[in-house]
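Quick notes on the structure that follows.
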Amino acid sequence: MDSIASLRRDARSSSVPWPMPGKPDSFPSFDSFAEWRSFLLQLNLNVGIPYIVSAKFERAQKLYVLAWLDFDLIKAGELVGLTALELALNDRYGGKELLRRRQFVAEKAEQETRPLRKGEKWWVENATFADLLKYMVEHDGLTDSQVPMNQRCGSPSSVIGLLTGTTRPSLAEIRNDLAHGIPFRELPWAGLLELIRDLINYAYR
């Protein structure tokens, strides 16, 4: 690749799938690198979120910004953003979900007058990213109306299904595809970084 030609991308516009007010399926156009960078850097996390989470999210922002030079980097940015979200959910909900599961299997074993099974012990200790996303909805009260991106865009579609798995692919499946499948040769997921920002802010509200 001609690196000089790549660096001259700021001389032309670029369109990216991203929900906009009244147009959830929009492809907004950015006419310069400065405009693209400004758009992305406004997606900051709230003050007070642990540095280990905010630093990882900022790394995702940087990859999105650098995608102006090489668009494939936006897929790397998506993966890093989702790992930041998983880190945040483990921090905020991991312990609570462990206690909830521990109580659930203990009560079930007591009702059936038997010891805990090996599979139950494993299940208690191994909440997945998908489990923690569901926890936000089922045990921490997240609704579509509480997602700022929905408020901003007036989107008629639900993002809650992306967390619970009723919408396919779910956020957990998107993360798995990016991590274990083919992360390139596809369009970016519309507004994913903004949604990740909203979910992390909600978890630490």
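What the table shows:
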item: Gain in span if fully extended, residue 90 to residue 123, counting 0.36 nm per residue against the direct Cα distance; result: 10.3 nm
item: For 147, 124, order by how many other beta-carbon atoms lie within 10 Å, fewest first; result: 124, 147
item: Computed E for residue 179/residue 113 - FRET, C-beta separation, R0 41 angstrom, nearest 0.05; result: 0.45
item: Kyte-Doolittle mean at least -0.5, axial Cα span of 30 Å or more - DSSP H helices of the chain; result: 73-111
item: Extension gain (nm, one decimal) between residue 104 and residue 138, 0.36 nm per residue minus Cα-Cα; result: 10.7 nm
item: Partners for residue 121 among lysines (Cα-Cα distance below 30 Å; same-chain residues under 8 apart left out); result: 96, 108, 134
item: Long-range Cα-Cα pairs in the chain (distance over 22 Å), rounded percent; result: 54 percent
item: Taking the chain and dividing mean pair separation by its residue count, relative contact order in percent (alpha carbons under 8 Å, at least six apart); result: 27 percent
item: Estimated 222 nm signal from helices in the chain, with DSSP H stretches of n ≥ 4 weighted -39500 (n - 2.57), rounded to 500; result: -18000 deg cm²/dmol
item: Which of 170, 34, 154, positive extreme of dipole for the chain (C-beta unit charges); result: 170
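Quick note: the coordinates plus some simple rules give every number you see, no bench work behind them. Bear in mind the structure is a predicted one, so any value in this text is a computation, not a measurement. Here Cβ is always computed from backbone atoms with ideal geometry, including for glycine, and neighbour counts include all displayed protein chains.
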